[in-house]
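A.B. asks: Here it is, the structure, as structure tokens.
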Amino acid sequence: MRVLRVAAVLVLVVVTAFPLYWMITTATRKDVFAVPSWWPDLGNLGGLVAGLGPMLGWLPNSAFVAFGTTLLSLMMAVLAAYALSRFRFKGRGVFGFALFATQMLPEALIVVPLYAIFLALGLLNQLSGLVLANTAFGMPVAVWILKSAMDRIPVEIEESARVDGCPRYAILPQIVLPLVMPSVAAAAVITFFEGWNEYLFASTFMVDKEKWPASKGLASYVGEFVTPLGTVMSAALIFTLPAIIFFLLVQRRIVSGLTSGAVKG
Amino acid sequence: MTARRLPYLLIGGAAVYLALLTAAPLLTGLWLSVTDTQLLNPMGGVFIGFEHYVKLFGEPGFFRSLLVTLVYTAATVAASLLLGTLAAVLVNRSFPGRTAARTVLTMPWAVPTVAVALIFAWIYNNDSGVLNRLLGPARQGWLTDTDWALVSVTVASVWKVFPFVMLVALAALQSVPEELRESARVDGADRLNAFRDVVFPFLRPTLRVVALLMTIWSLRRFDIIWLLTQGGPVDATETVVIGVYRESFVNSDLGLSAAIGAVGLLISSLVTVAHFLLDRREDA
């Protein structure tokens, strides 16, 4: 039984890690087509950063979109989640449904109407426009996670804080928010990824090459055979690393942050 | 400020936001679906009633794309639920190297989709891809053979999304009280039974929600499919959402594109309604 378990973990880990290993290995190899090998070329570790050139221009754009999406989503989500968790009000059900409904909406369906709206508002070809579009999909998930977390905080804590003289407006930022920080972290990662990864809006809205986020820049290598594959893989690696680092930093919090949402379902 | 107004102020930002950035484009999209709007003249569309819908339901190609969508969704959801739950159960116990194993298993979730597509396109590459090198004479056209393309796209998708199931399942597993599992072991229940009777009931509500999310996310997944195959070869991986994109940006037919999107949205809505009906029946 024990052996089976270890074997199962090993197989899963190897299969899961292989594509990442292959990306790194390929990035170090000079001619992947002529000289096949299972191992990275340790004499050519410079290959790892071969894709840095164009990425340097695109990564700041991705960072802007990702951080913008995270901030905007969290600001609205904290308030909305608190309202959903603590108040019974008319329209609560409709609002909750609308949040969920965004997750069913194919981006491909709204990309054209959104294009028209952005065109009218001068948001086309603007990174801030991408922030707005991505927030529409990231924010509802953040509300959901935060609401489930807030549901688990007893109202009595707020009441006793009130008795102790905490003003009403300070309850959310000073009492509730610190208690749901793991869930804020989980929501932050999810919305950050939404902004960092997003491809469809980026590819249709952004015209100027210097304004491309890395997702669109990297996608321009798809089906293109001029750039050496090692360079492409290096660019993919450079695009992936910040997301993985951010994820590892908050990894612990994600599990506990999702717990509250998970238990209630 | 009265307590009656407070909740509306709190949701105000999010509500207005969703109205402008999702509801308005959605309604515009639904309107487009009953017009003959073209990409090159987006304001010049004329109302034509349900012509596009009639056309769609008379086309075998459309039914094929519905089928491809359902197969892709069912396979992706089933595989990621299974793998994600299995991985969560495996790393929930302590063993040497557990943290490292958990970290590796969750990592694909953080890999941007465009990077996933590039990596898998390279792994699947016909002539020099590692998969075909490994298989030698049994090599396949993973992305170029109509029999394999959907499988290959599904595998890449599952690799990317199963860690999400694992993370959520792991969170749920940690809510299983230790005494409960202890008592199951003392009672001599064998492992599998103990899992089914003691642990699974804790996981079930979570897994059901994750299954719904995975389903509606898979129904509308665009980027990984488009970047790997663009719906091809022929129409082997042409899902509904790929069709929406193709009609808009390749064939410039915004009206038809919106009609396909509306049908896709209807399917997602039906799945969601079914989920909540099932939920209610089980709760009752």
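Every number in this text was worked out from the coordinates using simple rules, so none of it is lab data. From a predicted model like this one, the values you see are computed outputs, not experimental measurements. As a convention, Cβ positions derive from the backbone with ideal geometry for all residues, glycine included, and neighbour counts pool all protein chains shown.
A.B. asks: Work out Dmax and Rg for region B:1-112 from the C-alpha atoms and quote the Rg first, both in angstrom.
C.D. replies: Answer for region B:1-112, Rg first and Dmax second: 23.9, 67 Å.
A.B. asks: Could you point to the residue in A:Leu218, A:Tyr169, A:Ala188 farthest towards the positive end of region A:154-222's charge dipole, with +1 and -1 charges on the Cβ of Lys/Arg and Asp/Glu respectively?
C.D. replies: A:Leu218
A.B. asks: Among B:Ala15, B:Ala88, B:Gly261, flag the residue with its Cα farthest along the positive direction of the charge dipole of chain B, charges on Cβ as +1 for Lys/Arg and -1 for Asp/Glu.
C.D. replies: Projecting each Cα onto the dipole axis, the largest value belongs to B:Ala88.
A.B. asks: Which of the peptides A:15-24, B:145-154 is most tightly packed, and how do the rest follow, going by the mean number of other Cβ atoms within 10 Å of each residue?
C.D. replies: B:145-154, A:15-24
A.B. asks: Okay, next question. If the cut-off is a Cα-Cα distance under 16 Å, which aspartates and glutamates reach A:Lys147, setting aside same-chain residues fewer than 8 apart in sequence?
C.D. replies: The reachable aspartates and glutamates, counting only those whose Cα sits under 16 Å from A:Lys147, are A:Glu158.
A.B. asks: Any idea what log10 I(q)/I(0) is at q = 0.13 Å⁻¹ for the protein assembly as shown, Debye with uniform C-alpha scatterers and no solvent?
C.D. replies: -1.46
A.B. asks: Also: How big is the gap, in Å, between the Cα center of region B:34-62 and the Cα center of region A:168-238?
C.D. replies: The distance from the Cα centre of region B:34-62 to that of region A:168-238 comes to 34 Å.
A.B. asks: Using Cα pairs closer than 8 Å and at least 6 residues apart in sequence, work out the relative contact order for chain B, in percent.
C.D. replies: 27
A.B. asks: Return the tail of the calculated pair distribution for chain B, meaning the percent of Cα-Cα pairs more than 24 Å apart.
C.D. replies: 64
A.B. asks: Explain nothing, just the number: dipole magnitude of chain B about its Cα centre with +1 on each Lys and Arg Cβ and -1 on each Asp and Glu Cβ, in debye rounded to the nearest 20.
C.D. replies: Charge dipole, chain B, about its Cα centre: 740 debye, nearest 20.
A.B. asks: How high is the relative contact order of chain A, in percent, counting Cα pairs under 8 Å that sit 6 or more residues apart?
C.D. replies: Answer for chain A is 34 percent.
A.B. asks: So, one more: Can you pull the mean other chain C-beta count within 10 Å for peptide B:97-103?
C.D. replies: What the average comes to for B:97-103 is 3.
A.B. asks: Tell me whether region A:1-48 comes out rounded, prolate or oblate; compute the Cα gyration tensor, take square roots of the eigenvalues as a ≥ b ≥ c, and use a/c under 1.5 as the rounded threshold.
C.D. replies: Prolate shape, in that a/c is at least 1.5 and a/b is the bigger ratio.
A.B. asks: Quick check: residue separation of A:Leu56 and A:Ser128 times 0.36 nm, minus the Cα distance between them. What number comes out in nm?
C.D. replies: 24.0 nm
A.B. asks: Same structure again: Might you report the magnitude of the Cβ-based charge dipole of chain A about its Cα centre, with Lys and Arg at +1 and Asp and Glu at -1, to the nearest 20 debye?
C.D. replies: That gives chain A a dipole magnitude of about 680 debye.
A.B. asks: Continuing with this model, one more query. May I ask you to order B:123-135, A:144-156 by the average number of other C-beta atoms within 10 Å around their residues, highest value first?
C.D. replies: Going by the mean number of other Cβ atoms within 10 Å, highest first, we get A:144-156, B:123-135.
A.B. asks: Still on this model: For a quick protection proxy, order the peptides B:98-105, A:133-140 by their average other-Cβ count within 10 Å, most packed first.
C.D. replies: Those peptides, ordered most packed to least, come out A:133-140, B:98-105.
A.B. asks: Another question, if that's okay. Round to the nearest 0.05 the FRET efficiency obtained for B:Leu40 and B:Leu192 when R0 = 60 Å and r is the Cβ-Cβ distance.
C.D. replies: That gives a FRET efficiency of 0.45.
A.B. asks: Need one number: nm distance between label points at B:Ala78 and B:Val16, each 7 Å from Cα along Cα→Cβ, rounded to one decimal.
C.D. replies: 4.8
A.B. asks: Here is a follow-up. Quick one: if you stick a label point 7 Å off each Cα along the C-beta vector at B:Arg4 and B:Tyr53, how many nm between them?
C.D. replies: 4.0
A.B. asks: Just report the Cα centroid separation between region A:1-54 and region B:116-163, whole Å.
C.D. replies: Comparing the Cα centres of region A:1-54 and region B:116-163, I get a distance of 16 Å.
A.B. asks: Report the calculated FRET efficiency for A:Leu177 and A:Lys90 (r = Cβ-Cβ distance, R0 = 30 Å), to the nearest 0.05.
C.D. replies: With a Förster radius of 30 Å, E is 0.70.
A.B. asks: Tell me which of B:Leu167, B:Thr229, B:Ala24 sits at the most positive position along the dipole axis of chain B, charges placed on C-beta atoms (Lys, Arg +1; Asp, Glu -1).
C.D. replies: B:Leu167
A.B. asks: Would you please classify the overall shape of region B:131-284 from the alpha carbon gyration tensor, given that a ≥ b ≥ c denote the square roots of the eigenvalues, rounded means a/c under 1.5, and beyond that prolate means a/b larger than b/c while oblate covers the rest?
C.D. replies: Since a/c reaches 1.5 but b/c is at least a/b, the shape of region B:131-284 is classed as oblate.
A.B. asks: Could you give the size of the charge dipole of the protein assembly as shown about its Cα centre, using +1 on the Cβ of each K and R and -1 on the Cβ of each D and E, expressed in debye and rounded to the nearest 20?
C.D. replies: 1260
A.B. asks: Could you state the number of Å between the C-alpha centres of region B:235-272 and region A:67-141?
C.D. replies: Computed from Cα coordinates, the inter-centre distance equals 21 Å.
A.B. asks: Cα-based Rg (one decimal) and Dmax (whole number) for region B:8-58, in Å?
C.D. replies: Rg, Dmax (Cα atoms, Å): 15.3, 48.
A.B. asks: In peptide B:205-212, what is the residue-averaged number of other protein chain Cβ atoms found within 10 Å of each Cβ?
C.D. replies: 3
A.B. asks: What do you get for Rg/Rh over region A:132-176 if you use C-alpha atoms and the Kirkwood form of Rh?
C.D. replies: For region A:132-176, the value is 1.15.
A.B. asks: While we're here: By its C-alpha gyration tensor, with a ≥ b ≥ c as the square roots of the eigenvalues, how is region A:1-124 shaped: rounded for a/c under 1.5, else prolate for a/b larger than b/c, else oblate?
C.D. replies: Note, shape of region A:1-124 comes out oblate.
A.B. asks: Can you give the Kirkwood hydrodynamic radius for region A:51-259, in Å, rounded to one decimal and based on Cα pairs?
C.D. replies: About 18.7 Å, per the Kirkwood formula over Cα pairs.
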